[in-house]
1. What single numbered condition from (1) touching a helix residue (DSSP H, G or I) at 6+ places or on another chain (Cβ under 8 Å); (2) surrounded by 14 or more Cβ atoms within 10 Å (Cβ to Cβ) fails to hold for V137?
2. So which pairs qualify, if the first residue must be in region 111-123 and free of Cβ contacts under 8 Å to residues at least 40 places away in the same chain, the second must be in a loop (DSSP other than H, G, I, E, B) and of a type in the set (G, A, S), the Cβ gap must be under 8 Å, and the two must be at least 6 apart or on different chains?
3. Looking at region 48-67 only, could you name the residues that are assigned to a loop (DSSP other than H, G, I, E, B) and over 13 Å from P31 (Cβ atoms)?
4. Output the number of residues of region 36-80 satisfying the condition of being surrounded by 15 or more Cβ atoms within 10 Å (Cβ to Cβ) and hydroxyl-bearing (S, T, Y).
5. Scan G56, G90, G29, G81 and give me the residue that is in contact with a Gly (Cβ under 8 Å, 6 or more places away or on another chain), on the phi > 0 side of the Ramachandran plot and modelled with pLDDT under 95.
6. Among the listed residues A62, A69, which satisfies the condition of being in contact with a Pro (Cβ under 8 Å, 6 or more places away or on another chain) and either without any contact (Cβ under 8 Å) to a residue 24 or more places away in the chain or under 13 Å from V40 (Cβ atoms) (or both)?
7. Residue check: is G90 more than 18 Å from T147 (Cβ to Cβ) and either under 15 Å from the mean Cα position of the chain (by Cα) or not hydrophobic (A, V, I, L, M, F, W, C) (or both)?
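The values are calculated or read from the model by the stated rules, or taken from the named source; none is laboratory data. None of the values given here were measured: they were computed from a predicted structure. All Cβ positions, glycine included, derive from the backbone under ideal geometry; neighbour counts span all protein chains shown.
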Amino acid sequence: MKHVQLLCLAALVSLSLVCFGCGKKKPDGFPEVQPFTVKVVDGSKPIEGAIIRFIGDGGSIAIQGQTDATGVAVMTTGLQGYTAKGVPAGNYRVQVEKEPLAEHWKTPEEQSQMSKPEKDKYLDEWLAKCAELPREVPKIWNSYDNTPLTATVSAGGGEVTYDVEGKAEN
């Protein structure tokens, strides 16, 4: 009986070692990251589904997050397919994107039956309806070159809140 228990324990340890070896290896040059969250609100109302991107000094590092039902995005940093929760310390320009989306009046099945010209016409009409909807987030906040938003990430991490209340639609 003791032999069976030892064999099971050895198998469990081996399996654990194999599983811990699973996943993408941290690439060379991956920076140390600090825990960081971004909150997007309209007054006291959280904005869900906003995509947040931090823009640094170039390079191939991607830093982004998406707000949940509470308006909070946990930021992650990615490089060469490897991601980690957090952001490297530094100063960033920040993009916040949330495009208004109109309801589709055709089902996916109906759309799959359309010819290419019919699909193109339908998509153009749908995009025009989207453009007519009010924006939850000012358009300039999604501008790569002109976003007025910034964030500073310090050692130890942190958080920042962006409030759209009273902001003119851009």
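1. Among (1) touching a helix residue (DSSP H, G or I) at 6+ places or on another chain (Cβ under 8 Å); (2) surrounded by 14 or more Cβ atoms within 10 Å (Cβ to Cβ), V137 violates only (1).
2. From residues that are free of Cβ contacts under 8 Å to residues at least 40 places away in the same chain, there are no pairs.
3. Listed by number, the residues that qualify are E48, G49, A50, G58, T67.
4. So the answer is 4.
5. Numbers: G56 fails: on the phi > 0 side of the Ramachandran plot; G29 fails: in contact with a Gly (Cβ under 8 Å, 6 or more places away or on another chain); G81 fails: in contact with a Gly (Cβ under 8 Å, 6 or more places away or on another chain).
Residue meeting the stated conditions: G90.
6. Values: A62 fails: in contact with a Pro (Cβ under 8 Å, 6 or more places away or on another chain).
Unique residue meeting the criteria: A69.
7. Working: more than 18 Å from T147 (Cβ to Cβ): no; either under 15 Å from the mean Cα position of the chain (by Cα) or not hydrophobic (A, V, I, L, M, F, W, C) (or both): yes.
It is false that G90 is more than 18 Å from T147 (Cβ to Cβ) and either under 15 Å from the mean Cα position of the chain (by Cα) or not hydrophobic (A, V, I, L, M, F, W, C) (or both).
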